[in-house]
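Pasting a structure here, questions to come.
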Amino acid sequence: MTIQKIIQYACSILGVVSLSFIYAQMFKKTKPSKKNNPTEN
């Protein structure tokens with residue numbers, strides 16, 4: 001694998017992780033369920 005392919009692969013993984021993290025944060029804000037999430041402070 002060339003360096004460009006490795007960089008593209010890493011960037012794509014980071015993009016998916018960041019998008020899923022943002023989606024999770026938005027989902028928590030739009031659906032505040034304290035009863036279902038006892039670990040949340």
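Every number in this text was worked out from the coordinates using simple rules, so none of it is lab data. Note that this is a predicted model, so its numbers are computed, not measured.
Mind listing the phi-derived Karplus ³J(HN,Hα) values for region 8-18, rounded to whole Hz, using 6.51, -1.76 and 1.60 with θ = phi - 60°, and x for any glycine or proline?
Using θ = phi - 60°, the values come out as 4, 5, 5, 5, 5, 5, 4, x, 5, 5, 5 Hz.
Separate question: What ³J(HN,Hα) values, in whole Hz, does the Karplus curve 6.51 cos²θ - 1.76 cosθ + 1.60 give for region 19-30 when θ = phi - 60°, with x put for Gly and Pro?
For region 19-30, the Karplus-derived couplings read 5, 5, 5, 5, 5, 5, 5, 5, 5, 5, 5, 6 Hz, x marking Gly and Pro.
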